[in-house]
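First the structure, in the form of structure tokens, and then the observations on it.
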Amino acid sequence: MSKLLMKGNDAIVRGAILAGCRIYFGYPITPASEIAESAARYMPRVGGTFLQAESEIASINMVYGAAGGGVRVMTASSGPGISLKQEGISYAAGSELPCVIVDIMRGGPGLGNIAPEQSDYNQVVKGGGHGNFKCPVLAPNSVQEMSDLTQLAFEIAEKYRTPVYVLADGYTGQMMEAVEFGEPFTNVPKQDWAVYGDAESKHNLISSIYLDPEELEEHNRKLQQKYENIKQNEVRVEEFMLDDAEYVVVGYGIVSRVLKTTVERLRSQGLKFGLLRPITLFPFPEKRIIELAKMAKKFLAVEMSNGQMVEDIRLAVNGSRPVEFYGRMGGVVPTAAELVERCQNLVKKEN
Amino acid sequence: MASKVLQKPASFYDTYERNPSTDKKMPHYCPGCGHGNVHKFIAEALDNYELADRTIFISPVGCSVFGYYYFDTGNIQAAHGRAPAVATGIKRAHPHSIVISYQGDGDLAAIGTAEILHAANRGENITVFFINNAIYGMTGGQMAPTTLETQKTTTTPTGRNARNEGYPVKVAELISQLEAPVYVERVALFDNKHRSRARMAVRKAIKNQADHLGFSLVEILSPCPSGWKMDPVDSLHWIKDVMMNQFPLGVYKDNTKEVEPYEAPKMQLSDEEIKQAIEIIPDTEKEFKKTEYAERYANPEIKVAGFGGQGVLLLGAALAQAGLLENYNVSWLPSYGPEMRGGTANCHVNVRNIPVGSPVVNDPTVLIALNRPSLEKFEPVVVKNGLIIYDTSLIDIEVQRDDVEVLAIPATEMADKLGNTRTANMIAMAAFAGYTGIFNRETLKETLKTAIKRKKLLAINEKAVDEGYEFGKSKRPS
Ligand SMILES: Cc1ncc(C[n+]2csc(CCOP(=O)(O)OP(=O)(O)O)c2C)c(N)n1
Ligand code: SF4
């Protein structure tokens with residue numbers, strides 16, 4: 001047996017280490033704490049550093065410092081902590097620093113609860129902090145992907161010089177599934193922009209300051225071009241029974257798992273439903289949605305939130321088809337039975 | 001001699017190309033500002049110890065935000081107050097580098113209080129220069145945490161009032177109370193003697209880092225003629241006559257003679273060693289064959305519930321592990337957080353031939369209940385024709401439903417007989433397998449290797465598997 005049973009949160013740390021990450025800065029918060037605990041266990045064993053910071057603000061700024069040094073570095077948290085990290089993430093985006101931020105979403109607003117929600121979509125996918133920036137966002141829905149997408153996150157971060165999020169929810173972090181791991185990557189390339197504390201790199205500057213308005217506009221244009229390139233090259237989706245689908249359900253993360261079961265059941269009733277699961281939330285699969293809108297009658301977005309991703313679907317569909325929304329909040333995970341009923345109603349309304 | 005005095009330290013850039021102003025020779029500071037002095041002391045020290053190549057200078061938010069115009073070193077600009085965290089990050093990434101966190105009083109003693117305190121408390125091997133000018137210079141002369149009582153600023157127009165704004169924060173005193181810092185001194189910039197003292201302190205604080213001694217902080221009482229609305233000369237008098245009364249100069253802490261230099265050891269691992277270190281090499285290479293069993297038990301969606309401490313989560317994990325070994329698609333999801341602290345625990349397990357959709361088990365096909373509240377809570381949601389397994393040793397009621405299969409097992413009594421109550425969970429797990437025929441007994445025993453951390457408990461748990469399996473099998477419907 002080449003697979004191991006482990007929690008999503010543990011798989012993230014294994015994936016990160018395999019990707020060459022040797023520094024972790026974090027602050028405990030349920031349901032993300034196992035990530036810090038795993039990092040505390042494994043980072044020192046591979047000659048790396050684990051540091052529990054005094055706050056999420058400090059931890060993201062430590063990430064900023066290490067990322068400025070050109071090494072692979074990460075942090076993880078959940079909603080309330082991600083809110084605090086936004087300042088540092090904006091600085092990292094402005095200074096074009098690659099780093100990986102994991103958000104294991106919980107219920108909000110405020111202290112909310114620790115059950116799974118998807119209500120950080122807006123603050124994570126839309127930039128969150130101040131300024132004209134966005135971060136690529138990868139949304140795993142299995143423990144295998146918690147590892148795989150964390151590794152991919154480091155690659156994307158470095159390729160485009162940008163912070164990258166791995167966005168999951170309490171259940172994907174807490175659940176155990178089988179995972180298979182690949183070989184370690186240890187040749188993190190030396191970056192020509194980073195500061196290493198040596199003569200070669202000493203003329204490098206890590207900064208987000210551009211005093212002159214024209215220069216800052218230029219910098220912002222460069223950032224927008226980068227986001228455009230990311231849009232062109234990095235869209236990832238999973239499709240299930242979409243080929244002849246009359247109805248397209250869209251969901252990411254844990255919800256997509258329930259939706260898959262839902263689509264299976266609807267198909268067995270002869271109802272032509274298909275699932276589109278964005279794996280990248282930024283870049284959002286708008287092109288695919290535009291294509292689907294040409295053949296499908298209706299879309300249904302399902303989220304564990306008040307309807308945040310649905311806005312991106314509506315933007316892509318641009319009024320050409322109805323886009324309905326079904327959401328649960330507070331940590332309630334929709335059941336397949338509930339979603340089947342919802343989808344059946346969608347068809348009834350149509351007829 | 002004169003030319004030597006005027007010579008710029010090599011650790012400064014000759015011309016300040018990063019400054020967008022047309023004059024690339026002039027620093028951006030106001031005339032009479034203390035920042036320039038301190039910059040010069042730092043640059044001279046870096047020259048002297050030949051450290052510029054290794055140095056990474058962290059520019060804060062404040063008037064020294066453009067520190068990177070001047071220092072011919074690596075440069076990182078940091079968010080307001082966060083320089084010690086940024087310094088921690090880069091120092092941990094490159095321990096051989098010399099990291100300087102240069103901060104004003106708003107930056108360090110107001111918005112960044114947590115960051116400085118904890119960097120100091122961790123004894124980060126960095127050097128902090130704290131420019132105390134009792135005012136926010138950059139933003140135009142507002143109150144700083146170090147603003148003196150009765151001192152007028154734009155946000156204390158009638159003078160700082162301790163009843164409203166509190167007292168000036170004494171950073172050198174505060175930091176020196178911590179265990180880890182090795183060197184804390186307060187100096188002032190107002191005459192040659194004191195400037196020379198300041199220069200020595202700056203040198204020492206940098207040298208400490210190069211010697212791997214730990215955290216050093218130098219607080220520098222520094223003139224801000226613009227913020228104070230004074231001319232440069234009066235500013236110097238004000239430091240001497242007013243500021244120093246509130247902020248006494250001196251060495252607040254110096255352990256440099258006592259502490260041992262410390263450098264974190266380096267490690268070089270092979271790929272195989274990395275995989276071993278992070279425990280991703282599976283316990284067994286063995287393949288385990290699937291068993292044959294009645295169709296109605298296929299693809300079980302299992303809920304396991306009981307008291308925290310009964311090993312409920314472990315029972316579920318063992319089932320999932322057994323499923324994995326027999327090449328099923330499996331998932332295990334625990335209840336987590338305060339719910340667990342309340343004394344009840346449950347988990348959801350899927351063992352499926354096809355990929356697992358939702359890992360959440362709302363309507364279990366199998367319920368394994370190890371205490372009464374669990375049976376009461378989950379009996380109603382078990383699907384029709386589902387299976388309920390419950391521990392009769394601890395549950396004094398019976399299953400009410402007549403549309404489900406029931407396996408009643410005195411798991412805790414059986415465990416007690418074996419000599420360890422805590423094996424009841426494995427007995428119940430094996431009973432499920434024995435009763436339904438899902439999983440080989442050998443597979444279950446293999447899962448124990450992963451599930452049971454204390455090796456001396458392995459034998460008794462193997463017995464528990466045998467007992468439970470036999471019991472379940474003896475009740476298997478024909
Ligand atoms: C988060 C944030 N809040 C406020 C500011 C505005 N700001 C810029 S400099 C400064 C005060 C800096 O004062 P101090 O640290 O004493 O340095 P000085 O300017 O006196 O050298 C403030 C409040 C900012 N840049 N960022
Ligand atoms: S405002 Fe004060 S601290 Fe800032 S440059 Fe001018 S004199 Fe120096």
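Laid out as a table, the results:
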read-out: Residues of the stretch B:441-478 classified as open to solvent by 40 Å² or more (accessible area, probe 1.4 Å), closer than 20 Å to B:G311 by Cα and among the acidic types (D, E), total; value: 3
read-out: Counted residues, the stretch B:128-150 - those being more than 13 Å from ligand 2 (Cβ to nearest atom) and touching a Gly at 6+ places or on another chain (Cβ under 6 Å); value: 1
read-out: Residues of the stretch A:186-216 classified as facing chain B (nearest Cβ under 9 Å) and closer than 30 Å to B:P282 by Cα, total; value: 1
read-out: Residue in the stretch B:340-349 that is modelled with pLDDT under 95, within 11 Å of chain A (Cβ to nearest Cβ) and buried (at least 20 other Cβ atoms within 10 Å of the Cβ) present; value: no
read-out: Residues of the stretch B:138-162 classified as open to solvent by 10 Å² or more (accessible area, probe 1.4 Å), within 9 Å of ligand 1 (Cβ to nearest atom) and either under 20 Å from B:V242 (Cα atoms) or of a type in the set (D, E, K, R) (or both), total; value: 2
read-out: Pair list, Cβ under 8 Å, 6 or more apart: the stretch A:108-120 residue at the interface with chain B (Cβ under 10 Å from one of its Cβ atoms), other residue among the small types (G, A, S) and open to solvent by 30 Å² or more (accessible area, probe 1.4 Å); value: A:N113/A:G330; A:A115/A:G330
read-out: Flag for B:I220 being crowded, with 21+ Cβ neighbours inside 10 Å, within 16 Å of ligand 2 (Cβ to nearest atom), in the same structural domain as B:C63 (by TED's automatic domain parsing) and outside any loop (DSSP other than H, G, I, E, B); value: yes
read-out: Given (1) exposed (fewer than 15 other Cβ atoms within 10 Å of the Cβ); (2) closer than 30 Å to B:S335 by Cα, number of the condition A:E214 does not satisfy; value: (2)
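The values are calculated or read from the model by the stated rules, or taken from the named source; none is laboratory data. Since the structure is predicted, the reported quantities are computational estimates derived from the model, not experimental observations. Cβ coordinates were reconstructed from backbone atoms using ideal geometry, including for glycine residues, and neighbour counts include every protein chain displayed. The area values use the complete protein model at the heavy-atom level, side chains included, leaving out ligands, DNA and RNA. Shrake-Rupley method; radii C 1.70, N 1.55, O 1.52, S 1.80 Å.
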